[in-house]
Amino acid sequence: ALGAAAKAGAGGAAPVGISDDLQKKIQAISKDLRKGRKKRKAADEGELALESWKESKSITLHSSSKPGVTALDVSPAAPRHIATGGVDKALHLYDTLDDAILAKGTGHSKRITDVNFSADGATLLSASADKTVRLWELPTETGPGASMTEKLKLSAHTMEVVGAAFHPLPECAASASLDRSWALWDLNAGALLALVQDAGAAGGYTCVKFHPDGLLLVTGTSDHLVKIWDVNSQACAACFEGHAAAVTSVAASENGYHLASASLDGVVKFWDLRKQHCFKTITAGGDGGVTAISFDPSGRVLAAGHGSGVGVYSVKGEDDAVANFAGNAAPVTALKWGVGASSLATASMDRTVKLYGAE
């Protein structure tokens, strides 16, 4: 399967640009997403009784000779399925109910930095320190010997790729790199749509996520900034300052109103995207800073990985954590809420994925 993988952007291929048709598709899906969101109310979500949550499962994954789970995502289509990436360069698809590895993906030549499921759960994006992004088709026949099929190997960056994300329009994706660039990709054609070089990001990018509407791309930089970009024009739409160290993780609430950023300075900042200002700052991390953040689907609480533990914080309530989960023997690297906030999954350098939920 690897030999048949298409290459995009390799050899310095020039970006093809975003066509008028694609721009219209991006505008249309954004409009539909906003319309659908207004029909839902946070009250429909119910309250999270986080004080009763406990660790429900601890799963050991990836190589013991090169330990560390460095990336994690939960399938939006099948919440029992998680994808992980490791220091060992491998990808795992895991069933948390059957406690079984469903498939593995091999092909990256350095550690995995990010994984992201498509909305239908059928494909997976991975980013790696090997400077590439890869698109994988997940097998329908799963089991101990099953493999993910590498569909695309996307090469445009000259240094480590720190993140990759599907656009709400599943044929598009973005990536960002330590080389001070971010890229937009056409996954149907395997083509590089845009490559934005940002001389202002002195130490390069550290993380990347799409805003839920798909019109904006959010990036964090090693020189303490959060930069927001217009997807269609690739112009910088906003730049948020305030962190005192590298930004490690960014997250947008599902309602699209709020953005959170985490940093090695141990701080999480909450930003109002409509008013473009920081409305809350909490100190969550110790010496290792805050390494990963994730809003729950209602956008009312945020989980933050710091050191070997996780704190959950109210977006509009008290600054103190409403729940704390400890138990890792090494730093937490990634975390993600399950569909409907029924559970929280975390990954750590101690090779474990831990699941937390109501007793």
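Of the strands (runs of 3 or more DSSP E) entirely within the stretch 181-282, those holding at least 3 residues that are in contact (Cβ under 8 Å) with a residue 60 or more places away in the chain and within 28 Å of VAL339 (Cα to Cα) occupy 181-186. If you check ALA49, ALA42 for being out of contact with any Cys (no Cβ under 7 Å at 6 or more places or on another chain) and either modelled with pLDDT under 75 or open to solvent by 80 Å² or more (accessible area, probe 1.4 Å) (or both), only one passes: ALA42. In the stretch 211-234, of all residues being among the hydrophobic types (A, V, I, L, M, F, W, C) and open to solvent by 40 Å² or more (accessible area, probe 1.4 Å), the one that is nearest to GLU171 (Cα to Cα) corresponds to LEU215. Being at pLDDT 95 or above, open to solvent by 30 Å² or more (accessible area, probe 1.4 Å), of a type in the set (D, E, K, R) and touching a helix residue (DSSP H, G or I) at 6+ places or on another chain (Cβ under 9 Å) holds for only one residue in LYS89, LYS151, and it is LYS151.
All of ASP95, ASP114, ASP73, ASP120 fail the test of being among the acidic types (Asp, Glu) and open to solvent by 30 Å² or more (accessible area, probe 1.4 Å), apart from ASP120.
Taking GLU141 as meeting all but one of (1) part of a loop (DSSP other than H, G, I, E, B); (2) within 26 Å of PRO168 (Cα to Cα), write down the number of the exception. Here GLU141 meets the rest and fails (2).
Each residue in the stretch 170-203 was checked for being aliphatic (A, V, I, L, M), modelled with pLDDT of 95 or more and either closer than 21 Å to ALA292 by Cα or within 16 Å of the chain's Cα centre (by Cα) (or both), and 6 of them qualify.
Here is the figure for the stretch 331-341: residues that are open to solvent by 20 Å² or more (accessible area, probe 1.4 Å), more than 15 Å from PHE295 (Cβ to Cβ) and either assigned to a loop (DSSP other than H, G, I, E, B) or hydrophobic (A, V, I, L, M, F, W, C) (or both) total 1. Residues in the stretch 125-138 that are in a strand (DSSP E or B) and among the basic types (Lys, Arg): ARG134 alone. Close contacts from the stretch 20-35, counting a first residue that is under 19 Å from ALA174 (Cα atoms) and among the polar types (S, T, N, Q) and a second that is open to solvent by less than 80 Å² (accessible area, probe 1.4 Å) and modelled with pLDDT of 90 or more, with Cβ to Cβ under 7 Å and a gap of 6+ residues or different chains, come to GLN23/ASN232; SER30/ASP213; SER30/GLY214; SER30/LEU215. Which one is least open to solvent (accessible area, probe 1.4 Å), of the residues in the stretch 304-330 that are polar (S, T, N, Q) and in a strand (DSSP E or B)? So the residue we want is SER314.
Given the structure, is VAL301 of a type in the set (A, V, I, L, M, F, W, C), open to solvent by 10 Å² or more (accessible area, probe 1.4 Å), touching a residue at least 60 places away in the same chain (Cβ under 8 Å) and out of contact with any Asp or Glu (no Cβ under 9 Å at 6 or more places or on another chain)?
The answer is yes for VAL301.
Of all positions in the stretch 94-111, at least one carries a residue that is more than 26 Å from TYR205 (Cβ to Cβ), in contact with a Lys or Arg (Cβ under 7 Å, 6 or more places away or on another chain) and either among the acidic types (Asp, Glu) or part of a strand (DSSP E or B) (or both).
The values are calculated or read from the model by the stated rules, or taken from the named source; none is laboratory data. Since we're looking at a predicted model, the values are computed, not measured. Methodologically, a virtual Cβ is constructed for each residue, glycine included, from the backbone with ideal geometry; neighbour enumeration extends over all protein chains shown. Quick note on the areas: whole protein, heavy atoms, side chains included, nothing else; ligands and nucleic acids left out. Shrake-Rupley method; radii C 1.70, N 1.55, O 1.52, S 1.80 Å.
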